[in-house]
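Below: one structure, written as structure tokens.
The values are calculated or read from the model by the stated rules, or taken from the named source; none is laboratory data. Computed from a predicted structure; not experimentally measured. Neighbour counts are summed over all protein chains in view; Cβ atoms, including those assigned to glycine, are modelled from backbone coordinates with ideal geometry.
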Amino acid sequence: MKRGPKETEESARRISRRAMLLGTAQLGVMGILGARMGSMQVEQADTFRMLAEENRINIGLIPPARGLIYDINGVVLADNEQHYTITMTREGAGDVDEVLARLSRIVAIDPEQLEKAREELRVRSAFVPVTVAQRVSWEDVARVTVNAPALPGVVAELGRSRIYPQGADMAHVVGYVGPVSDYDLSRIDDQDPLLQIPRFQIGKTMVENRLEQELRGSAGTKRVEVNAAGRVMRELDRQEGLPGADVQLTVDARLQNYIQARLDGESAAAVVMDVTNGDIKGIGSAPTYDPNVFVQGISVALWDDLNEREIDPKLHRRPLAAKTVQGTYPPGSTFKMVTALAALEDGVVTADETIRCVGHSDVFDVRFHCWKRSGHGNMNLNESLKQSCDVYYYDISQRVGIDKIAAMGRKLGLGERHDLPMSAVRSGIMPDKTWKREARGEEWRVGDTVNASIGQGYVATSPLQLAVMTARIATGNAVNPRLVKSIDGVEQPSGAGESLGLNENNLRRIRRAMFDVSNHSRGTAYRSRIAEERFKMAGKTGTSQVRAIVRDENGRVITRNEDLPWNARDHALYVAYAPAENPKYAVAVVVEHGGGGSVAAAPIARDVLLQALYDGTPPLDAYPSAVRGQIADQQRRLSTMIRDIQPGRDTDQA
Amino acid sequence: MSYLEYQVKYVPSGFRKLLHLNWPIVFLITAVSGFGFLMLYSVAGGSMDPWVTAQAQRFGLGMAIMLIMAMIPIWFWRNMAVVGYALALILLVLVEFIGVERNGSQRWLDLGPMDLQPSELMKISLIMLLAAYYDWLPLNKVSKPLWILVPLLFIAAPAYLVLSQPDLGTTILLVTGGGAIMFLAGVHWAYFATVIAGGVGLVTAVFQTRGTPWQILQDYQYRRIDTFLDPTQDPLGAGYHITQAKIALGSGGWTGRGYMQGTQSRLNFLPEKETDFIFTTLAEEFGFIGAFGLLMLYGLIILFCILSAVTNKDRFASLVTLGVAVTFFLFFAVNMAMVMGLAPVVGVPLPLVSYGGSAMLVLMVAFGLMQSAHVHKPR
């Protein structure tokens, strides 16, 4: 377009004016941009720097090594095992199916696990390692390493897990660990960040559970730089945690091994306690289970098995229960020492006074029978314990009264919850008048006293309590049981106690009677005596009724245990200590539905005591000559279950 | 002025034209591009590949195109304006039908060895056409309503086509750039005031009626606008990117975290770190000094363009130069505002710095026009 000079001037003038306006506006916008930069990069720089660091750095926890558990000789009861896990990443593998196929050709992988891994590889991020096989052998790891070029993305990683070298022997003492569950988290008030680690192992039962805080240790931390996808780029620094404290128990793994072997096949419990200091040397319960299966993840079938899902409840033997502390039983005649001591201390009866047993005793209009229907004749204290006459105790218990008997029982450790670091420790029942009023809302009757005098009725005791009672009678001191010798090398308080303040003469008479039970030809446990002079045993049998009367199909009362169904048979009990002259060990044995104490329980107690006293298999000379052949057979039979346990490192640092 | 009116003695000829180039602009462009190479090298983790080499080749090609265009007299380009616009418009229509779709929008034409983005071509063609239109239009008709309708149609046609691709960033650039040329050409300010007031009124109406029975948009449309305006409402989608961009930028501080030391870009927290969000990496690694320095370089480019335009008596040349300046300004202002969280994310690259062939070439062509106008200034 043709323009005159004037119009050209006008055009340029207008454009310049508008350009200045627009330029000013642009300058303004740039000012805003500059100000925004300044505000973000100068004023808020610290905030954004922090956010950038938070983005960049992840804090990871390093789980500490769990403390080990040793027996009294340094034998490892709970160990940390290093094991190899084969993992694989999707991005590393490329063709997942092909690599998995190659891998399963050289390493045996459980098909179920393989399917799980395949699924996980599909859904997880490409760089997340997925476990393909757990607990693989060193040979497998070697094979994977050698074939590494053909197995891209496959890595053998070192992991750590709990292992119980003693297997089933220690299950009822040490317990087991397992991955922390939501239920655990909801139940325990524990802020430890370690618990947030998936599948972190915590103690579930027994010592592992009760000493969790000591065994666990504290977490270490590592700071790692991650990218936006969460992939770890590098480790910035790490601070190692504190490993858990080692724990030494008072238990002797070899004795425990023997106890479990000896109890095998029964539903029974046995407790061996050092009477001088309360140390629990053995505390076995049968049947038992392998705690290792819980660590590795128990199968449903095995879990149902252990819970006896498929078995008639009448025949339940409760393999998961530690009957030593969780089972309570009427102590039967083993309670007679308590009644006798209460009466002697109270002075209502003297040791020489005789009471006539005619086979029964009438209390008001109720007739109480002696186990020997024909009667024992004239009984003094010694004879009544030796032959376990019931009528004698019916009589003296009415003279002394339940409250004094109960007080004596408590003094000897019954009805008390001895707080060993085991799970669900029961306190049993040591009944008296107050107890009945509160627990049952009824008044105490004389009949209750009569029942209690021979350890029936309301009395309920755990095998541990019976062992404590026996130790206290043997020493006259308030011995307390102790299961943990030291934690992290620090010796735990001894169980040795002060004198109970009982009359030494009375105690001596009781002990003499217990000696006769085992060593007098009329004693109820004479057949299970110890022949070795140095180790003579003093004890007391007990046979406690499970239910009042069982009739057969013709309505006749069944009296012979062998004729009764298993769950209606009497519990067999035996308490003892040895050597009688200078007591070292007290033992209590309960065989559920085992029948008579002298037959079912006393031989076990004898064998266990001898094993403890000889610190190994006793010579046949220790047994009476009549039973030596039978014992030799038994020792041969058990030898397959006795493992050669070597003493470990000396952990006795205290 | 037409070809015949030029007094040949006032216009340099042959290689003498090189001396009359606007050299400060050449240096500034090179400096900014150099900044870009540096950043592309950094975001690649200290490697020439995959971005720096390709970008440098395009820059070399662009520089050559710019110099060749600068040698060609400005009146030639004015005569090409209508042809260029028509071509660009035809290509835009073609894209509608045979375009290649990427990332959900259809912007590219497959030309065998390279892809062509007609909307980029349109950015320049529109400036040229509007400048030529106002060069042709007598001054006294500039503010007449009928003569305003024509440029509005020129703008609306490509804007509609680009918006339907969809490419909101380019649409904004076209509309704002076109409007700016109309403003520069001297269209009465009352029109702009009316449009701005109308726009404000419409936005107010849309939002004021929200929640009332006579609301203008549907509920989901409001929600879409909400996330568009404030991405933090969608913390895992758009909000995540803008949040990470702000963290990168802010954490740079005064002097930055050091070249190749930016954790946000190094660890992939930043989105599109080599293209639209490259400014955040720069700000993270060079801090306020680097970021503000780049802003200053851009400002100087604008300043030299304006100076060249206001000293140019040729109406077409002047308007084209200012149009290039405005487009260039819109590029970096929208991009920076976007990554700093001042504006919604619309997908505009940082000029000369972001990786991308089309944008680089279009800018160099634009500066070629500007240089041509500068060289062939009537003196």
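Some points to look at:
- Within the stretch A:467-483, the only residue that satisfies the criterion of being among the hydroxyl-bearing types (Ser, Thr, Tyr) and closer than 18 Å to A:Gly282 by Cα is A:Thr470.
- Positions within the stretch A:203-227 being within 14 Å of another protein chain (Cβ to nearest Cβ) and without any contact (Cβ under 8 Å) to a residue 40 or more places away in the chain, in sequence order: A:Asn227
- Listed by position, the strands (runs of 3 or more DSSP E) contained in the stretch A:79-192 that have at least 2 residues being more than 20 Å from A:Arg210 (Cα to Cα) are A:130-136, A:154-163.
- In the stretch A:586-625, of all residues being among the polar types (S, T, N, Q) and over 17 Å from A:His520 (Cα atoms), the one that is surrounded by the fewest Cβ atoms within 10 Å (Cβ to Cβ) corresponds to A:Thr617.
- Test set (1) among the small types (Gly, Ala, Ser); (2) within 30 Å of A:Arg234 (Cα to Cα); (3) within 14 Å of another protein chain (Cβ to nearest Cβ) - A:Ala19 fails condition number: (2)
Conditions tested, residue by residue: (1) in contact (Cβ under 8 Å) with a residue 12 or more places away in the chain; (2) surrounded by 13 or more Cβ atoms within 10 Å (Cβ to Cβ).
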position	(1), (2)
A:Ala117	yes, yes
A:Glu120	no, yes
A:Thr131	yes, yes
A:Asp140	yes, yes
A:Pro149	no, no
A:Ser161	yes, yes
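- Of the numbered criteria (1) surrounded by fewer than 17 Cβ atoms within 10 Å (Cβ to Cβ); (2) touching a residue at least 40 places away in the same chain (Cβ under 8 Å); (3) within 22 Å of the chain's Cα centre (by Cα), the one B:Phe35 fails is (1).
- Residues that are within 26 Å of A:Val479 (Cβ to Cβ) number at least 2 in the following helices (runs of 4 or more DSSP H) confined to the stretch A:357-463: A:381-386, A:390-400, A:402-411, A:446-453.
- Checking each residue in the stretch A:555-601 for being at pLDDT below 90 and at positive phi picks out A:Gly555, A:Gly595.
- Of all residues in the stretch A:25-43, those satisfying the criterion of being more than 8 Å from chain B (Cβ to nearest Cβ) and among the hydrophobic types (A, V, I, L, M, F, W, C) are A:Ala25, A:Ala35.
- Evaluation of A:Arg3 against the conditions (1) crowded, with 17+ Cβ neighbours inside 10 Å; (2) within 14 Å of another protein chain (Cβ to nearest Cβ); (3) touching a Phe, Trp or Tyr at 6+ places or on another chain (Cβ under 9 Å) shows that the sole unmet condition is (3).
- Residue, surrounded by the most Cβ atoms within 10 Å (Cβ to Cβ), within the stretch B:153-194, restricted to residues that are without any contact (Cβ under 8 Å) to a residue 12 or more places away in the chain and closer than 25 Å to A:Ala25 by Cβ: B:Phe183
- Qualifying residue in the stretch A:44-63 (condition: outside any helix (DSSP H, G or I) and at the interface with another protein chain (Cβ under 10 Å from one of its Cβ atoms)): yes
- Residues satisfying the stated conditions in the stretch A:250-295, i.e. in contact with a His (Cβ under 8 Å, 6 or more places away or on another chain) and in a strand (DSSP E or B): A:Ile283, A:Gly284, A:Ser285
- The residue list B:Ile65, B:Ile72, B:Ile98 contains one member that is of a type in the set (Val, Ile, Thr), modelled with pLDDT of 85 or more and either within 28 Å of B:Met296 (Cα to Cα) or surrounded by fewer than 14 Cβ atoms within 10 Å (Cβ to Cβ) (or both), which is B:Ile65.
- Verdict on A:Ala626 being under 19 Å from A:Ala261 (Cα atoms) and either touching a Lys or Arg at 6+ places or on another chain (Cβ under 9 Å) or in contact (Cβ under 8 Å) with a residue 12 or more places away in the chain (or both): no
- Qualifying positions in the stretch B:274-293 - facing chain A (nearest Cβ under 8 Å) and either surrounded by fewer than 24 Cβ atoms within 10 Å (Cβ to Cβ) or closer than 18 Å to B:Leu352 by Cα (or both): B:Ala283, B:Phe288, B:Ala291, B:Phe292
Each row is one residue, and each column tells you yes or no for (1) assigned by TED's automatic domain parsing to the domain that holds A:Ser544; (2) crowded, with 17+ Cβ neighbours inside 10 Å; (3) touching a residue at least 24 places away in the same chain (Cβ under 8 Å); (4) among the aromatic types (Phe, Trp, Tyr).
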| residue | (1), (2), (3), (4) |
| --- | --- |
| A:Val349 | yes, yes, yes, no |
| A:Asp352 | yes, no, yes, no |
| A:Ile355 | yes, yes, yes, no |
| A:His369 | yes, no, no, no |
| A:Gln387 | yes, yes, yes, no |
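- Residue in the stretch A:86-93 that is on the phi < 0 side of the Ramachandran plot and within 34 Å of the chain's Cα centre (by Cα) present: yes
- Any hit, the stretch B:262-270, residues being within 8 Å of another protein chain (Cβ to nearest Cβ), polar (S, T, N, Q) and assigned to a helix (DSSP H, G or I): yes
- Test: residue in the stretch A:172-182 that is over 23 Å from A:Ile283 (Cβ atoms), surrounded by 13 or more Cβ atoms within 10 Å (Cβ to Cβ) and under 28 Å from the mean Cα position of the chain (by Cα): yes
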